[in-house]
Structure formats: C-alpha cells, structure tokens
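The values are calculated or read from the model by the stated rules, or taken from the named source; none is laboratory data. Remember, it's a predicted structure, so these values are computed and weren't measured experimentally. Glycine gets a Cβ as well: all are built from the backbone with ideal geometry, and neighbour counts include every protein chain shown.
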Amino acid sequence: MSVEEIVLLNAADEAIGTAPKIDSHHRDTPYHLAFSCYVVDPAGRVLITRRALGKRTFPGVWTGSCCGHPGPGEGLRDAIARRLRDELGVTVDTFTPVLPGFRYRATAEDGVVEYERCPVVRATTADPGVRLNPEEVEDAEWWTWEECLALVERPESSPWYRLQMAELAPLGHPRDWPDAGTDALPPALAW
C-alpha cells in the first residue's frame, strides 16, 4: 500500500512540495491542500457524515459529506470522486465549485491542528444509496437543509463545517448555490 501524500502550499497557495499525510497532522501542521464536498440528492437533502471514531484528527465530529486531500497532480473533481467512492460508495453526476477560496485553521481538543486551503464543492447524485467505509465514516445520513443549518449550534459539529456554513447559509438552499467558477481555485489545484 502506498503512502498517501498531501500537497504543501506557500502563502500564495502554490505547491512547494509534498509530505506523508499521516506524519503531517500534529500541533504544527503545515499549510496544505484539501477540499470539502456537500452531496445533494434529487429531493434536495444533503449527505451529512460523522467521522470515524478512530480518525487521528477530529474523530467523531459531524461534518459535510466528504473531505480529503488531493494527491500530487490530482485534479479536484478526481480527488472528490475518489474519496466519495472510497468513504461512502457514492458516485456523483455533477460538481460545482461553491467556495473555491475557502481556507481555515482549527485546533482540536488534543492540540492537533488542521491548516488547509480547502475549496468547497457541491456534488449531485441521483442515487442516494451509501456504503460506509468504517475506517473513515462512523455514520452518514441525508438531512434537510434546515437540519444542516441547525448542526452549527451543536458542539459535535466540525469547526470547518461551522466556518463553511457561515458562508454557505447566505447562498440559500444547496440546490441554488451559484457556480463560483474555478478562477479562485489555488494555483496548485487543477479543476
């Protein structure tokens, strides 16, 4: 099995190298490339997931459908499709960049830091079936938009979810989120 690599970034969001993912998340995590995805089904529900309890960073928190790290040279759509397939057994029909400039830094209770340039994408699926990978996902549920908005008030929601929702909520229902285009994606990330 190969070692999963993350793409390290400078302040201009340009790639400056790679590092093993497992060794890179600690109290002084380097700034790196990531993504978040919200999957919407034909009924307008959003797939919300709970991270596996064995995850090294932020175990057991509720968050969007999927998050992860594009590998070196991997495009954003390909990275999202890979993680959705590997974590949830989900295939999607469309991808729409919604918050291409999103970035955040968050510290877990144990001191582990996430420090990421993390474009946010909406994906749609016609098939709401899921197949959980228990090493990645503890639970997954299709929620109404109102339930998604209420999650920000709960302490078990991830910090990046709360930050993203502060920007997503004013955009209205996920079916109506506008396409923000790809111009604001980091230079290190192809669409």
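I need the full set of residues from the range 84-106 which are more than 19 Å from LEU9 (Cβ to Cβ) and not in a loop (DSSP other than H, G, I, E, B), in order please. Walk me through how you get there before you give the answer.
Taking the range 84-106 first, the residues more than 19 Å from LEU9 (Cβ to Cβ) are 84-96, 98.
Correct list: LEU84, ARG85, ASP86, GLU87, LEU88, THR94, PHE95, THR96, VAL98.
Could you tell me which numbered condition VAL39 fails, if it satisfies all but one of (1) closer than 19 Å to LEU185 by Cα; (2) buried (at least 22 other Cβ atoms within 10 Å of the Cβ)?
Going through (1) closer than 19 Å to LEU185 by Cα; (2) buried (at least 22 other Cβ atoms within 10 Å of the Cβ) one by one, VAL39 breaks only (1).
Within the range 31-80, how many residues turn out to be without any contact (Cβ under 8 Å) to a residue 60 or more places away in the chain, in contact with a helix residue (DSSP H, G or I) (Cβ under 6 Å, 6 or more places away or on another chain) and of a type in the set (S, T, N, Q)?
Count: 0.
Determine whether the range 82-91 contains at least one residue that is within 18 Å of PRO155 (Cα to Cα), hydroxyl-bearing (Ser, Thr, Tyr) and out of contact with any Pro (no Cβ under 9 Å at 6 or more places or on another chain). Before you say what the answer is, go through the steps one by one.
At the first step, the residues of the range 82-91 found to be within 18 Å of PRO155 (Cα to Cα) are none.
No, because not a single residue in the range 82-91 is within 18 Å of PRO155 (Cα to Cα), hydroxyl-bearing (Ser, Thr, Tyr) and out of contact with any Pro (no Cβ under 9 Å at 6 or more places or on another chain).
So ALA150 ticks every box in (1) surrounded by 20 or more Cβ atoms within 10 Å (Cβ to Cβ); (2) assigned to a helix (DSSP H, G or I) but one. Which box is left unticked?
Result: ALA150 fails condition (1) only.
Pairs please, first residue from the range 149-164 and closer than 13 Å to PRO59 by Cα, second anywhere and hydrophobic (A, V, I, L, M, F, W, C) and part of a helix (DSSP H, G or I), Cβ atoms under 7 Å, 6+ apart in sequence or on different chains.
Every condition considered, the pairs that remain are SER157/LEU151.
Pairs under 6 Å by beta carbon, first residue under 28 Å from LEU151 (Cα atoms) in the range 169-191, partner surrounded by 14 or more Cβ atoms within 10 Å (Cβ to Cβ) and of a type in the set (A, V, I, L, M), six or more apart or different chains?
Going by the 6 Å Cβ cut-off, the qualifying pairs are PRO174/VAL40; PRO174/VAL46; TRP177/VAL98; TRP177/LEU171; ALA180/VAL98.
If you scan the range 124-139, which residues turn out to be in a loop (DSSP other than H, G, I, E, B) and over 22 Å from ALA52 (Cβ atoms)? Quick ask: steps written out before the conclusion?
Going residue by residue through the range 124-139, those that are in a loop (DSSP other than H, G, I, E, B) are 125-136.
ALA126, ASP127 - these are the residues of the range 124-139 that are in a loop (DSSP other than H, G, I, E, B) and over 22 Å from ALA52 (Cβ atoms).
Before we move on, is VAL121 closer than 24 Å to ALA188 by Cβ, part of a loop (DSSP other than H, G, I, E, B) and either at pLDDT below 95 or not charged (D, E, K, R) (or both)? Let's see the steps before the verdict.
Working: closer than 24 Å to ALA188 by Cβ: yes; part of a loop (DSSP other than H, G, I, E, B): no; either at pLDDT below 95 or not charged (D, E, K, R) (or both): yes.
No.
Criterion first (farther than 26 Å from TYR31 by Cβ and crowded, with 16+ Cβ neighbours inside 10 Å) does GLU74 satisfy it?
Values: farther than 26 Å from TYR31 by Cβ: no; crowded, with 16+ Cβ neighbours inside 10 Å: yes.
When the stated conditions are applied, GLU74 does not pass them.
Being surrounded by fewer than 17 Cβ atoms within 10 Å (Cβ to Cβ) and without any contact (Cβ under 8 Å) to a residue 24 or more places away in the chain: is that true of ASP28 here?
Numbers: surrounded by fewer than 17 Cβ atoms within 10 Å (Cβ to Cβ): yes; without any contact (Cβ under 8 Å) to a residue 24 or more places away in the chain: no.
Judged against the criteria, ASP28 is not a match.
Name the residues in the range 107-118 that are surrounded by fewer than 16 Cβ atoms within 10 Å (Cβ to Cβ) and assigned to a strand (DSSP E or B), would you?
Matches in the range 107-118: THR107 only.
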